Amino acid sequence: MMGGRADGVSATTARIMELLKKPHGHYLSGQELSRHLGISRAAVWKHITALRRMGYAIEALPARGYRFSSSTCPYNALEIASGLTTKVIGRPIHFHEEVASTNEIAFTMAKESAPEGTAVVANRQSAGKGRLGRQWESPPDGGIYTSIILRPAISPREAPKLSLLAAVAVAEAVGGFLSHPPTVKWPNDLLIQGKKVAGVLAEMNAEMDRINFIVIGVGVNVNVKSGGEVFSPEVQAIATSLSAVEGVEISRVALLQALFGKVEEWYNRFLRDGFMPVREAWNRYSGMAGRRVTVRQIGAAFDGTVLGIDEDGALLVKEERGIVTRVTDGDVVVGR
Ligand code: BTN
C-alpha cells in the first residue's frame, strides 16, 4: 500500500492517469508531465509502465508524448477507487488479477488486523467458494468477486443478520442497473427470472460472546456470456448474468462502486436502527412469502409455506401440520 490511498496506487501514478484522461485524444509530452509533477522524465516513464501493467492502453510516440485511448477502461483498483463515495467500505481496495478465493485472502488479512472496510477484489478466482461447501465458478473478465471485512460489535448469534443485510445491499446495487428488480431467495441468493446472478458467502471469526470479524464475500455474474461457453453445463442450467438478461454489457467498476456504497449504507443503518429495516427490505425483495418450498438441511428435508424472516433473520416455514419451523441453516428450493 503506497501513500495510504484507497486504491493502493501511488499518488503520482494516479495523477498521471488523471492528466492523461483530460485532453481527450491529444498527446501530453513527457517533458510537460515531468515539469508539471516535478519528477524526471525517466520517472514519468516508470509510472506510465505501471499504468500499462494495470491494463491502461497508453500510446507513446517519441516526438509527441503519451496518449490514453479512452475506449479502454480497465478493471482495477485505481478505477474502482476514483469516484468511490464511501467512507469505510472499499478503503482500502486490494485488487488481484487472480486469486484462489477473495474470502480466503480477506480472512487472512483480517486475522492480521486489516481495518474494517478493507475490500479484496479479483478479476478471477481459481477456487471460488460458495455456500454449503459448494464451488463458485469465477471466470475472468465477466464477474465481480469481492470480499469485505466488517468488525461489528455484536454477538456471534447476530451474524446471520449481516449476511441478509448483504443480500439487500447486493439487490439494491444490482437493481440499479436492471430494467426489472431482482428477487432475493433465502438466505442471500439473488435471482433474475428465476436464475441465479449473485450470491453471498459470509464467514466469521468469533469468540463465544464476541465477533472478531466477518468477511462478506459477494460474487455477481455481470458480463458472463450466455450460451454455455463460460460456465459448466450444471451452472449454466441454474445461473444467468446481468448482461445476458439486459442485452448490454454493464460496467463492473460502476457496479462495484454502487455495491460498496449500498453495503456501507445498510451497515450504518443496521448499527444505528437495528435489524428491523433490513428485515423489511429483505421481505420486500424476496417475494417468498406464501411460496411453497422444500427445506433441505443436513440429514433432513421438509416441505412448507414461507411466512417471511423473523426478527433474528430465520426463515419461518409453516408445515402442512400447522407447525411453524424457524430455519437457520441449509437451503430452500422454491416450488412453482
Ligand atoms: C453462494 O451463493 O453460494 C455464495 C457465493 C459467494 C461467492 C463469492 S465470490 C467472492 C467471494 N470469494 C469466494 O470464494 N466466495 C465469495
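The numbers here are math on the coordinates, done by the rules we state, and not lab data. This is a predicted model, so every value here is computed, not measured. Cβ atoms come from the backbone with ideal geometry, glycine included; neighbour counts cover every protein chain shown.
Running a GNM on the chain with Cα contacts under 10 Å, which residue among Gln31, Gln236, Gln125 ends up with the highest mean-square fluctuation? Maximum among the listed residues: Gln31.
Remind me, relative contact order of the chain in percent, using alpha carbon pairs under 8 angstrom and six or more residues apart? Walk me through the intermediate numbers first.
Working: 655 pairs, mean separation 43.0, N = 336.
Once normalised by length, the contact order is 13 percent.
Apply the a/c threshold of 1.5 to the C-alpha gyration tensor of the range 11-68 and tell me whether it is rounded, prolate or oblate. Here the range 11-68 falls in the rounded category.
Every Cα-Cα pair in the range 244-336 was counted, and those over 16 Å apart are 65% of them. Stokes-Einstein diffusion of the range 155-201 at 4 °C, 1.567 mPa s viscosity, Kirkwood radius from Cα pairs, rounded to a whole number: 119 µm²/s. Distance between the modelled labels on Met208 and Arg124, one decimal in nanometres: 4.7 nm (7 Å Cα→Cβ projection). Give the calculated FRET efficiency between Lys195 and Asp141 to the nearest 0.05, with a Förster radius of 22 Å applied to their Cβ-Cβ distance. The pair Lys195/Asp141 has a calculated efficiency of 0.60. Near Asp331: Cβ cut-off under 11 Å, other residues only, Lys/Arg at +1 and Asp/Glu at -1. The net charge is +2. Modelled label positions at Ile39 and Glu311, each set 7 Å beyond Cα in the direction of Cβ, lie 5.7 nm from each other.
Using only the Cα atoms of the range 292-334, what semi-axes does the equivalent ellipsoid have when each is the square root of 5 times a gyration tensor eigenvalue? Give whole Å, largest first. Numbers along the way, then the final one.
Working: eigenvalues 40, 33, 16 Å².
Taking √(5λ) for each Cα gyration eigenvalue gives 14, 13, 9 Å.
Taking 12 Å as the cut-off, the amide N atoms of the range 218-259 that come nearer than this to a point 7 Å along the Cα-to-beta-carbon line of His180 belong to 245-246.
Applying 1/(1 + (r/R0)^6) with R0 = 41 Å to the Cβ-Cβ distance of Glu246 and Glu32, what FRET efficiency is obtained, to the nearest 0.05?
Step by step, r from the Cβ atoms, then E = 0.50.
Pulled fully out, how much extra length does the chain show between Asp303 and Lys318, if you take 0.36 nm times their separation in residues and subtract their Cα-Cα distance? Contour length minus the Cα-Cα distance gives 4.6 nm.
Once you keep just the Cα pairs under 8 angstrom separated by 6 or more residues, what percentage relative contact order results for the range 292-334?
Details: 79 pairs, mean separation 16.8, N = 43.
Result for the range 292-334 is 39 percent.
When the Gaussian network model of the chain links Cα atoms closer than 10 Å, the mean-square fluctuations of Glu172, Glu158, Glu59 top out at Glu59.
Using only Cα atoms, what is the ratio of the radius of gyration of the range 185-330 to 2.2 N^0.38 Å? It would help to have the intermediate numbers written out before the result.
Numbers: Rg = 17.4 Å, N = 146, 2.2 N^0.38 = 14.6 Å.
Computed over Cα atoms of the range 185-330, the ratio equals 1.19.
Relative to its residue count, the chain spans a Cα convex hull of 148 Å³ per residue. Comparing Ala254, Ala239, Ala63 in a Gaussian network model of the chain, where Cα atoms under 10 Å apart are tied by springs, the biggest mean-square fluctuation is seen for Ala63. Of all DSSP beta bridges located in the chain, what percent are antiparallel, nearest 5? Approximately 90 percent, going by the DSSP bridge assignments.
Applied to the range 79-90, the Karplus parametrisation 6.51 cos²θ - 1.76 cosθ + 1.60 on θ = phi - 60° returns per-residue 3J(HN,Hα) values of 5, 5, 6, 7, x, 6, 9, 6, 9, 10, 6, x Hz, with x for Gly and Pro.
Treating only the Cβ atoms of Lys and Arg (+1) and Asp and Glu (-1) as charged, compute the dipole magnitude of the chain about its Cα centre; round to the nearest 20 debye. Each step should come with its number before you reach the end.
Values: 39 positive and 34 negative charges, 154 e Å.
Roughly 740 debye for the chain.
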